[in-house]
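These notes are about the structure you will find just below.
The values are calculated or read from the model by the stated rules, or taken from the named source; none is laboratory data. Everything quoted here is computed from the prediction, not taken from an experiment. With ideal geometry, Cβ positions are generated from the backbone for all residues, glycine too; neighbour counts draw on all protein chains shown. Surface areas here come from the heavy atoms of the whole protein model, side chains and all, with no ligands, DNA or RNA. Shrake-Rupley method; radii C 1.70, N 1.55, O 1.52, S 1.80 Å.
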Amino acid sequence: METVILAVVIAVVVLGALGGLVIGSRRKKSLPPPPPAAPDITAPPAEPHVGDEAETPRDEPRRTIEEVDLPDGSAPVVVEELPTPEIEIPEPTAGRLVRLRARLSRSQNALGKGLLTLLSREHLDDETWEEIEDILLTADVGVQPTTELVDRLRERVKVLGTRTPDELRGLLREELLKLVGTDVDRAVKTEPEDRKPGIVMVVGVNGTGKTTTTGKLARVLVADGRTVVLGAADTFRAAAADQLQTWGERVGAYTVRGPEAGDPASVAFDAVKEGKEMGVDVVLIDTAGRLHTKTGLMDELGKVKRVVEKHAPLDEVLLVLDATTGQNGLVQARVFAEVVDITGIVLTKLDGTAKGGIVIAVQRELNVPVKLIGLGEGADDLAPFEPEAFVDALIGD
């Protein structure tokens, strides 16, 4: 009996101990975490004020304005000046083609020498005259002018009879001058009587040297004592305005330009307006080198002309042609003439592989005179066209 009672007492004690453990663990879990200890807060450094260093101010001796040595103004103030571009003095235009005659004759001697050699034959039969026609056609003289020249030569040689070299050269010179034309006014119109400035628009196909020709024409005008404003209305070709401005700066001509791919008509309008306000003698407008097959672009060229004429009529519309393109250049000339009234022709690259006969052919095609020719890459290689000097270069000495 006592043993049973002892076992019951032990079981009660064990159960009580286990219950205390469970309650203690639950109390431990439900206790909230102790609050964190308060951090030590350090005051931020004082921010510098105007005139203070970016660090904690230090006690330093200070001076009043009376104690500070100030400059007395005796020392000169040196101001660095921007370099101004050097203005070039272009070569005089009077007789420029005569001075360039040797360069022209080197590339054109085949025409003159070939004709003189054939005309010097003792018997000029039909085969010889056909050879003469072939030389003229190869030189881009054109079919109709060639026929006229050969017919006149045949008649005069038949009448002349004996033919010395000097007589033949004189005969050929006379007939070529008739074809080129000596009684045509070839001056570039830049001095209208009733107003200033004269307005010149330069047109042409890409690659003919149009922008370069415009720059060289500015040099020609400056060499003749004129003041010039350039209008960079070729807004579609990259760096065209930069190229034209460089040409202008070399001779002291001001360039009016607009944004790339901007409206060329507005640039042309502003150029004429600026030229009026500045009181210059001539405004040269360089237009985009549009392809003659792009009808929309050709219409735009007509728009440029109409917008410019809101200021004043155009005095000159110069068509720039690459002389090396030969008869293909006549197609371009024909289309441009339908859009704007061409008043003069500029033939470039006449010192290369070009045939001199293109001068005759293009004048016949448009009934417009050649007024300027380009004979090289030099800045002063653009020359007023002089028929006598040109023909003398063709037939040689």
Legend entry - With DNA, RNA and ligands ignored, accessible area of R163 (1.4 Å probe; Å², nearest 10): 60 Å²
Inset, instruction - Heavy atoms only, probe 1.4 angstrom, no DNA, RNA or ligands counted: give me V335, V256 ranked by accessible area, highest first. - result: V335, V256
Legend entry - Label-to-label distance, nm, for residues given as I89 and T246 (7 Å Cα→Cβ offset): 2.5 nm
Inset, instruction - Starting from the Cα coordinates of the range 303-397, work out the convex hull volume and express it per residue in Å³. - result: 114 Å³
Legend entry - Diffusion constant of the range 192-253 at 10 °C, which comes from Stokes-Einstein with the Kirkwood Cα-pair radius and 1.306 mPa s, µm²/s: 128 µm²/s
Legend entry - Accessible area of K349 in the full protein assembly, 1.4 Å probe (Å², nearest 10): 80 Å²
Legend entry - Stretchable slack from R121 to A239, in nm (0.36 nm times residue separation minus alpha-carbon distance): 37.0 nm
Legend entry - Rg to Rh, two decimals, where the range 274-344 supplies the alpha carbon set and Rh follows Kirkwood: 1.01
Legend entry - Radius, Kirkwood style, for the range 342-397 when every pair of distinct Cα atoms is counted (Å): 11.8 Å
Inset, instruction - Run down the lysines and flag those whose C-alpha is under 16 Å from the C-alpha of K196, throwing out any fewer than 8 positions away in its chain. - result: K273, K276, K310
Inset, instruction - Under 12 Å from the Cβ of R121, count the other residues' Cβ atoms, weight Lys and Arg +1, Asp and Glu -1, and hand me the total. - result: -3
Legend entry - Exposure ranking of S120, S266 by accessible area [1.4 Å probe, largest first]: S120, S266
Inset, instruction - Between D166 and T182, with labels modelled 7 Å along Cα→Cβ, what's the label distance in nm to one decimal, could you check? - result: 1.8 nm
Legend entry - Gain on full stretching of the segment that runs from V159 to K303 - 0.36 nm per residue minus C-alpha separation: 46.3 nm
Inset, instruction - Enumerate the lysines that K349 could reach by cross-link, defined here as Cα to Cα under 16 Å, with residues fewer than 8 away along the same chain left out. - result: K210, K216, K371
